[in-house]
There are 2 protein chains.
Amino acid sequence: MPVAPFPLSVHEISRRVRAGAAAPLAAARASLAAIDEMDSVIRAWSHVVGPDALEAPEEGTGGRLAGVPIGVKDVIDVAGMPTGFGVPALTGGAARFDACCVGMLRAAGAVPVGKTVTAEFAFRTPGATRNPHALDHTPGGSSSGSAAAVAAGMVPAALGTQTGGSMIRPAAFCGVVGFKPGFGQVFRDGMKLTCESLDTIGWYSNTVEDAQAIAQVLIADDGDDNRASDRPLTIAVQLGNPNAALCPESQREIARACEAWRAQGVRCESVEAAAETGLLLRAHDVIMHYEFARSLMPVVARHGDCLSPVLRRAVAHGLAIGAGEYREMLAVQASLRHAWGPRYGGADLILTPSTPGPAPRGLSHTGDGVFNKIWSVLGWPCLHLPTAFNQAGLPIGMQLVGNWGDDRRLLAMGRKLHHLLTQQGE
Amino acid sequence: MPVAPFPLSVHEISRRVRAGAAAPLAAARASLAAIDEMDSVIRAWSHVVGPDALEAPEEGTGGRLAGVPIGVKDVIDVAGMPTGFGVPALTGGAARFDACCVGMLRAAGAVPVGKTVTAEFAFRTPGATRNPHALDHTPGGSSSGSAAAVAAGMVPAALGTQTGGSMIRPAAFCGVVGFKPGFGQVFRDGMKLTCESLDTIGWYSNTVEDAQAIAQVLIADDGDDNRASDRPLTIAVQLGNPNAALCPESQREIARACEAWRAQGVRCESVEAAAETGLLLRAHDVIMHYEFARSLMPVVARHGDCLSPVLRRAVAHGLAIGAGEYREMLAVQASLRHAWGPRYGGADLILTPSTPGPAPRGLSHTGDGVFNKIWSVLGWPCLHLPTAFNQAGLPIGMQLVGNWGDDRRLLAMGRKLHHLLTQQGE
């Protein structure tokens, strides 16, 4: 099956609808047709609205996202659609209300067309989704369906979530732009909170411009996206990770990117892996398991038979973590979150791998999040840029990381850097 | 109707069940009988389980809260019970899962017996609940039913939430102990998040000991509750509030408390209202309305007819707040949250009014939260101590406030101070 992005960008769809050049539901109908055509193979969706149930955009056709069809990871409520958390046996009736983020997108004109497959409670056990670029390879997880749906061109954008590496890893494996905002930037009302100190809502799209269009709706900011354009960018290039090896083709791709950017006046300076890497990985592990266990304990108690042994073991493990260790790791998180300066003070952003390599073969695991957890626990915004394909046709790319609070600036810089690399004009 | 607390304390119920001296569901059955007897008058409950649907405590009968019946504010999910948010027309089917906090209480042995009346979406428009001490007076809001249910003796403890003054004000008006933990101390999975930067789960009980028993289950800590006992306590007494007057009987009651405590070696030192009071009230107003509007917007869009004009106006107001002003107020919150030292550095805790006075007459409003919002936006833990009744038979009392992170220590100090005041032994 040829893989092509949705034929129109977020920007172009909404521009046409606002100009009266396209019907408000035209793109949503095209999305449903694409899902109908492709999803028996890709399996990205757990629920799709019928063509007659599509809801016209609110606020007439004047919104910033007017007419833009979106997919929503199935741990986030959409009014009128069931929420299943990746566990078909637990899928309930229709949600009464949109999650806050869905309501904000809908108010800007977006049209939710369905719910996308998630790993079981956004944890480790994958759903049925396949990688559009290689059907016997994982799409990554836990936001598997959202990344695959955008990669396969079924929607131009979709919401996911990240607790460890659940946004960036699927973006890397499926070859789409993935943006995980900084912690706390997007309201979480209406999503299943499994780890309150880590859970973050993000989104997939085909371009950084499209990710920016969604950020302008979901992230409160003063709108000054171009602060970075006045002086040469400086990038801290951090390849190493004492806990993981980076595959040669990803190394070469990052080197190629740095070379291309340097030719345009960008400064790329290598930095070693932070001495705190091990501590941050431990903080992530402790905080995640402690909180996940307490959030999932009621589900295990009532519906343990419907859950995987992997999940049940994680809950048992988390319940055994002491409060003292948990609080110690929260203190590590709080203190290192604001420690950009000592290590990265001279840089505008960090360039680092998204994953150890392209999507591994097999659908029974979602890949390694070792390059993501550090940034998840710090709560810094992360942006995956898909930049090339390897010889096997699998997407490769890289991750940009911004400082605490620098979400919109990271997107602005990422847009410029992606353009320089893909030879498109600004 | 004579008003008396539930006949057994949280501690005593669980002790008896653990010792095999009482059946695991005995207290829950007594609770259902009391509800059956009283609630047609008090109207504290929006849903009550049938006697045959009571679920025996998990973990056998060994838990810290074994057999303790609890009420749960109807913005928090309890598996098998509907969640109505204070809007009967929107009440849905049974929740699939317990909220995280309910699951943690249940795992410790507690037995949820029903859902308690909340103001509409935990905002301003009250439900039907009456004040057990004076039926034509407000019980306060928004956690009206939980406070009234504990005050009337229908349960020994109940969960509420606070965004502005929704825990402490009902505690004051109903004359029960109310504890609002510090922001972030209790996981919020499974509650309706209307203001993600403010919403906090708390609880009501008859004694500070009982509040401690619940804190030991819900708040991760090292269990060192007695750090304050080694040296004389110092209390910063802050009566003034440039935005509200304190009634004379509340002033006299606080003076009486200080006198009693001084006689026992406690230092009570007056401080002026902080210069930042006005700024903090503005921060609370801006953050609350900005977030509430975005959380409730999807409900207004679909079910506006079911909602009060007050709520709809608040949503419209919040949607009009600019992102710049909102972020500025979040920065105020973040910086003042850690500014205990400059103003209160010499004190262990703050003593301040809970409300301008006792419960006002009338059921159409829930009273003034002006003495609560400052602490809600700071996210500091607050404890209401009921200490007396006025000549009309209405409860009066006072609020203790602790520093960021000092939740368990505040409870330990509050327990000691409450004992000194009520002449009970430690």
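The values are calculated or read from the model by the stated rules, or taken from the named source; none is laboratory data. None of the values given here were measured: they were computed from a predicted structure. Positions of Cβ are generated from backbone atoms using ideal geometry, with glycine treated the same way; all protein chains shown enter the neighbour counts.
Quick notes on this one:
- Residue check, residue B:218 touching a His at 6+ places or on another chain (Cβ under 9 Å), within 14 Å of another protein chain (Cβ to nearest Cβ) and either of a type in the set (Asp, Glu) or under 24 Å from residue A:334 (Cβ atoms) (or both): no
- Hits in segment B:102-120 - residues which are more than 9 Å from chain A (Cβ to nearest Cβ) and not in a loop (DSSP other than H, G, I, E, B): B:105, B:111, B:112, B:113, B:114, B:115, B:116, B:120
- Going through (1) of a type in the set (Ser, Thr, Tyr); (2) touching a helix residue (DSSP H, G or I) at 6+ places or on another chain (Cβ under 6 Å); (3) under 14 Å from residue A:63 (Cβ atoms) one by one, residue A:14 falls short only on (2).
- Only one of the numbered conditions (1) in a helix (DSSP H, G or I); (2) touching a residue at least 40 places away in the same chain (Cβ under 8 Å); (3) away from every other protein chain (no Cβ under 14 Å) is not met by residue A:126, and that is (1).
- Subset of segment A:165-188 (residues that are of a type outside the set (A, V, I, L, M) and under 17 Å from residue A:373 (Cβ atoms)): A:165, A:166, A:169, A:170, A:173, A:178, A:180, A:181, A:182, A:183
- Residue match in segment B:63-73 (condition: part of a loop (DSSP other than H, G, I, E, B), in contact (Cβ under 8 Å) with a residue 24 or more places away in the chain and surrounded by fewer than 24 Cβ atoms within 10 Å (Cβ to Cβ)): yes
- Residue satisfying condition, being of a type in the set (S, T, N, Q), touching a helix residue (DSSP H, G or I) at 6+ places or on another chain (Cβ under 8 Å) and within 14 Å of another protein chain (Cβ to nearest Cβ), within set B:185, B:162, B:212: B:185
- For beta carbons closer than 8 Å, sequence separation of 6+ or different chains, a first residue in segment B:210-222 that is modelled with pLDDT of 95 or more and of a type in the set (D, E, K, R) and a second that is part of a helix (DSSP H, G or I) and buried (at least 24 other Cβ atoms within 10 Å of the Cβ), the qualifying pairs are B:210/B:10.
- Count of residues meeting criterion [out of contact with any helix residue (DSSP H, G or I) (no Cβ under 6 Å at 6 or more places or on another chain) and either of a type in the set (Asp, Glu) or within 11 Å of chain B (Cβ to nearest Cβ) (or both)] in segment A:326-347: 6
- Selection status of residue A:401, hydrophobic (A, V, I, L, M, F, W, C), free of Cβ contacts under 8 Å to residues at least 60 places away in the same chain and under 23 Å from residue A:278 (Cβ atoms): yes
- In segment B:76-90, the residues that are under 22 Å from residue B:200 (Cα atoms) and at the interface with chain A (Cβ under 10 Å from one of its Cβ atoms): B:77, B:78, B:79, B:83, B:85
- Qualifying residue in segment A:37-56 (condition: out of contact with any strand residue (DSSP E or B) (no Cβ under 6 Å at 6 or more places or on another chain), under 30 Å from residue B:293 (Cα atoms) and within 13 Å of chain B (Cβ to nearest Cβ)): yes
- Scanning segment B:387-400 for residues that are surrounded by 24 or more Cβ atoms within 10 Å (Cβ to Cβ) and of a type outside the set (Gly, Ala, Ser) yields B:395, B:396, B:398, B:399, B:400.
- Filtering segment B:84-107 to residues that are under 24 Å from residue A:90 (Cβ atoms) and over 20 Å from the mean Cα position of the chain (by Cα) leaves B:90, B:91, B:92, B:93, B:94, B:95, B:96, B:97, B:107.
- Among residues of segment A:412-426, those that are modelled with pLDDT under 90 and not hydroxyl-bearing (Ser, Thr, Tyr), counted: 4
- Residues (touching a helix residue (DSSP H, G or I) at 6+ places or on another chain (Cβ under 7 Å) and either over 29 Å from residue B:66 (Cβ atoms) or part of a helix (DSSP H, G or I) (or both)) located in segment B:87-101: B:87, B:89, B:90, B:100, B:101
- For segment B:32-53, the tally of residues that are buried (at least 18 other Cβ atoms within 10 Å of the Cβ) and of a type outside the set (Gly, Ala, Ser) stands at 10.
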